[in-house]
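First the structure, in the form of structure tokens, and then the observations on it.
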């Protein structure tokens, strides 16, 4: 699977629903490049980097994490460059590191999740990394020609949810922000969702990028969410 080009400066490796691998994005600046999310595993990262190389692009200088869930972070030990995550994301990952010291933990995850079992088939241990840089509210990267405005936001999916807005390309990367709370029996907090929807309304974006579906226009995304949770 190769990269899909969204704009002159934005590419992405499409999500894989059969493996539950999320979309991984690549922002090409004149000075630096930024990846959005670190993927499910070292194998996921390698597939991403092969796709990047096929487009004659450099490996990312930075990788930002949208939230701590396995499919977005467990490849972080295998990435190139500097990783960036929210303080809460690192706290969650530090807890995962402690759990992973028990050799039975990876097997318990395989039993609970068929996708995890497929991704980690044959592996007996996890390599969970914290980010190199952490922040509490927001951070902006000047990549050269484009900027990445990285900010923490309210979301029903995870308390450490981070979005990335690229104003020059009118693109907003939301991770899994609009989804239910997977670790709370799939609970959807509609108050948090409506807060997130209001945030989306205030952002001048043409492309809304979610990790497990195709790109959507802002009004299409808002209309869809309104129809489900009005």
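Stretching residue 97 away from residue 46 to a fully extended chain increases their span by 16.1 nm, per 0.36 nm per residue minus the current alpha-carbon distance.
Between residue 194 and residue 168, the C-beta separation translates, for a Förster distance of 22 Å, into a calculated FRET efficiency of about 0.15.
The relative contact order of segment 82-160 comes to 39 percent, based on Cα pairs under 8 Å that sit 6 or more residues apart. Distance between the pseudo-spin-label points of residue 151 and residue 124 (7 Å out from Cα toward the beta carbon): 4.8 nm. Using C-alpha pairs under 8 Å with a sequence gap of at least 6, the mean separation divided by the residue count of the chain gives a relative contact order of 16 percent.
Restricting attention to the chain, close to 65% of DSSP beta bridges with both partner residues there are antiparallel.
Computed over segment 28-151, relative contact order equals 28 percent, with contacts defined as Cα pairs under 8 Å that lie 6+ residues apart. Each residue, residue 8 and residue 133, gets one label point 7 Å from its Cα in the Cβ direction; the gap between the two is 2.5 nm. Top mean-square fluctuation among 142, 181, 220, Gaussian network model of the chain, C-alpha springs under 10 Å? Sorting by GNM fluctuation, first place goes to 220. Taking the Kirkwood radius as Rh and the Cα radius of gyration as Rg, segment 84-190 has a ratio of Rg/Rh equal to 1.03. Quick one: go through segment 36-65 and flag any residue whose amide nitrogen is under 19 Å from the point 7 Å out along the Cα-to-Cβ line of residue 19. Correct set: 36-55, 60.
Among 140, 178, 153, the largest mean-square fluctuation in a Gaussian network model of the chain, built with springs joining Cα atoms closer than 10 Å, belongs to 140.
For q values of 0.16 Å⁻¹, compute log₁₀ I(q)/I(0) with the Debye formula on a Cα-only model of segment 26-83, without solvent. Result of the Debye calculation: -0.42.
Rule-based calculations on the coordinates, nothing more; no lab input. Predicted model only: the values in this text are computed from it and were never measured. Every residue, glycine among them, receives a Cβ derived from its backbone with ideal geometry; neighbour counts consider all protein chains shown.
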